[in-house]
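Chemist: First the structure, which I've put down as structure tokens, then a few questions once you've had a look.
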Amino acid sequence: GRPAHPRRETVLVTGAAGFIGSHTAVELMAAGHHVVGVDNFANSSPGAVDRIRALAAGGGSFEFVELDLRDRAALAAALRHCPVDAVIHFAAKKAVGESVEIPLDYYDTNVNATLGLVETMLGHGVNRLVFSSSCSIYGDAASVPIREDAPARPTNPYARTKWMCEQILADVCHRYPDWHVTSLRYFNPAGAHPSGLLGEDPRGVPNNVLPYIAQVAVGRRAELSVFGDDYPTPDGTGIRDYIHVVDIAEGHRLALDALGEAPGHRVINLGTGRGTSVRELLDAFAAACGRELPARVVARRPGDVAELVADPSLARELLGWKATHDVAEMCRDAWNFQRRNPNGYADGPAGATTST
Ligand code: NAD
Ligand code: WQD
């Protein structure tokens, strides 16, 4: 069974300044864990580190080291300076379209850096890891909801990097039977911290639909382009399983606590099991911000599929985890972050306020 009082641990969090890493750092500290965060700010900013510190509560602590994870010497030095019990590995590049343009950069950052991380862990006697994987591994799944045993059919370089890392981690666990690794396959993370301090702050034009809608709502973008309304779905727009980033963060804390229960490599979906169409998401955001949001239907985006929804029952069974926030809360919290930080972390320090 699950320990009633998981022990406090020191956890290396790679990509700690990023969207999901920052929320997870706060979640871990609230549970009393000590976090050693690393990031090179390739897709984030130092402002996120200040805000993680501002949200520290519950007895945990946060140390931060700026480094490029591909720099193995820098990582080894960080682990010598701050020994850790376990690792949560978020650092990666995540834009599907960009991965087609610069595949080698994706293999370098996502796969090569993961090899370096595993080697460094071996060198320091650290054998417990939670890895950020992705529903993109499933590609155009034959049927929804998707279970973890659905075949992997990655359709772009980004998804292939995640699938390769999972296979590498399975091989490492096979070779080193004392290793404990969980790959969490997230569906569509969205939303923000309810304080309004942490959220999604993509560089340039957002690739993902929710931050795009949020920037329309705040006046930074004219209208949402709806990528196709001729899919075989009730309203014709694509259906996804949006999951609140705070639920994702909690899933990582529980996966960390559960690592000791089973040696080897486990793969677990993090999703809600509920699908939401682009039109439904737009309506939910309009309700959250209190006004109509302009949108125009354009052609389908190449590579998109009609519907991706998780079967999250394994997470419930193995981790005791279940998403508790719905799309309305994701929109409320994303809007709260966006209107308090119209230009993201570039707006500098902000006072913590709640959205309710
Ligand atoms: P993010 O870009 O906000 O966070 C990733 C962080 O890694 C960034 O802060 C970036 O600066 C850092 N990073 C990148 N390259 C680095 C390097 N070489 N050295 C050190 N740090 C580096 O993205 P996110 O949404 O928080 O995603 C976190 C993880 O979850 C990624 O592995 C991503 O592939 C995975 N994931 C994300 C989603 C999603 O839609 N957000 C879905 C499934 C899986
Ligand atoms: C969602 C829906 C679009 C933008 C991506 C990655 C996946 C995972 C999650 C990392 C789709 C529609 C979008 C817009 C739109 N990330 N859309 N207008 O494509 O499901 O998944 O993020 O692992 O790997 O592929 O997310 O937010 O881009 O799109 O109509 O401007 O919104 O067609 O139906 P996606 P998304």
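Chemist: What ranking, highest mean first, results for peptides 61-74, 306-319 when packing means the other Cβ atoms within 10 Å averaged over each residue?
Modeler: Result, highest mean first: 306-319, 61-74.
Chemist: Binned at 10 Å from 0, what are the whole-percent values of the Cα-Cα distance distribution for segment 29-95, short to long?
Modeler: Distribution as computed: 18, 51, 29, 2 percent.
Chemist: Hey, another quick one. Mind ordering 133-139, 218-224, 106-112 by average Cβ neighbours within 10 Å, highest first?
Modeler: Ranking, from highest mean packing down: 133-139, 106-112, 218-224.
Chemist: Given a 1.4 angstrom probe, I'd like the percentage of the accessible area of the chain that is carbon and sulfur, rounded to a whole number.
Modeler: In the chain, the share of accessible area belonging to carbon and sulfur is 51 percent.
Chemist: Apply the Karplus parameterisation 6.51 cos²θ - 1.76 cosθ + 1.60, with θ equal to phi minus 60°, to every residue of segment 264-279 and state each ³J(HN,Hα) to the nearest whole Hz, in sequence, with x for glycine and proline.
Modeler: Each residue's phi maps through the Karplus curve to give x, 9, 10, 10, 9, 6, 10, x, 9, x, 10, x, 9, 7, 4, 5 Hz.
Chemist: What are the residues whose amide H is under 5 Å from the amide H of E307, where those residues sit 5 or more places off or on another chain and H is modelled from the backbone?
Modeler: I239
Chemist: Here's something else I'd like to know. Local charge sum around E63 (other residues, Cβ-Cβ under 13 Å, Lys/Arg +1, Asp/Glu -1)?
Modeler: Local charge sum for E63: -1.
Chemist: Something else: Amide H neighbours of R266 under 5 Å, at least 5 residues apart or on other chains, H built in the peptide plane: list them.
Modeler: Answer set, sorted by chain and number: V181, T182, S183.
Chemist: Moving on. With labels modelled as points extended 7 Å from the Cα through the Cβ direction, what inter-label distance (nm, one decimal) is found for R153 paired with D140?
Modeler: Roughly 0.7 nm, to one decimal.
Chemist: Label-point separation (nm) for A57 and H81, each offset 7 Å from Cα along Cα-to-Cβ?
Modeler: 3.0 nm
Chemist: Using a 1.4 angstrom probe, figure out how much accessible area segment 95-165 has per residue, in square angstrom, rounded to the nearest whole.
Modeler: 42 Å²
Chemist: Select from I146, G204, V100 the residue farthest towards the positive end of the dipole of the chain; place +1 on Cβ of Lys and Arg, -1 on Cβ of Asp and Glu, and compute about the Cα centre.
Modeler: Towards the positive end, the residue furthest out is G204.
Chemist: Which of these, P342, P234, P206, has the largest mean-square fluctuation under a Gaussian network model of the chain (Cα springs below 10 Å)?
Modeler: P234
Chemist: Additional query: Per-residue HN-Hα couplings for segment 27-34, Karplus 6.51 cos²θ - 1.76 cosθ + 1.60 at θ = phi - 60°, whole Hz, x for Gly and Pro?
Modeler: 4, 5, 5, 4, 8, x, 7, 9
Chemist: Along segment 59-74, what does the Karplus equation 6.51 cos²θ - 1.76 cosθ + 1.60 (θ = phi - 60°) give for ³J(HN,Hα), rounded to whole Hz, x for Gly and Pro?
Modeler: Karplus-based 3J(HN,Hα) across segment 59-74 equals x, x, 10, 9, 10, 10, 10, 7, 7, 8, 4, 6, 8, 5, 5, 5 Hz.
Chemist: Got a number for the accessible area of R185? Probe 1.4 Å, square angstrom, nearest 10.
Modeler: Looks like 10 Å² after rounding.
Chemist: OK, next. Would you please give the residues with an amide H less than 5 Å from that of T233, counting only those at least 5 places away or on a separate chain, with H modeled from the backbone geometry?
Modeler: Under 5 Å from the amide H of T233: no residue qualifies.
Chemist: Please state, rounded to one decimal and in Å, the Kirkwood hydrodynamic radius that segment 230-356 gives when every pair of distinct Cα atoms enters the mean of 1/r.
Modeler: Evaluated on segment 230-356, it is 17.0 Å.
Chemist: In whole angstrom, note down how far apart the Cα centers of segment 170-243 and segment 281-342 are.
Modeler: The two parts, judged by their Cα centres, are 8 Å apart.
Chemist: Compute a Gaussian network model of the chain, connecting alpha carbons closer than 10 Å, and tell me which residue from A346, A258, A328 fluctuates the most.
Modeler: Residue with maximal mean-square fluctuation among A346, A258, A328: A346.
The values are calculated or read from the model by the stated rules, or taken from the named source; none is laboratory data. Note that this is a predicted model, so its numbers are computed, not measured. Every residue, glycine as well, gets a Cβ built from its backbone with ideal geometry; the counts of neighbours run over all protein chains shown. Ligands, DNA and RNA are excluded from the accessible area calculation, which covers all protein heavy atoms including side chains. Shrake-Rupley method; radii C 1.70, N 1.55, O 1.52, S 1.80 Å.
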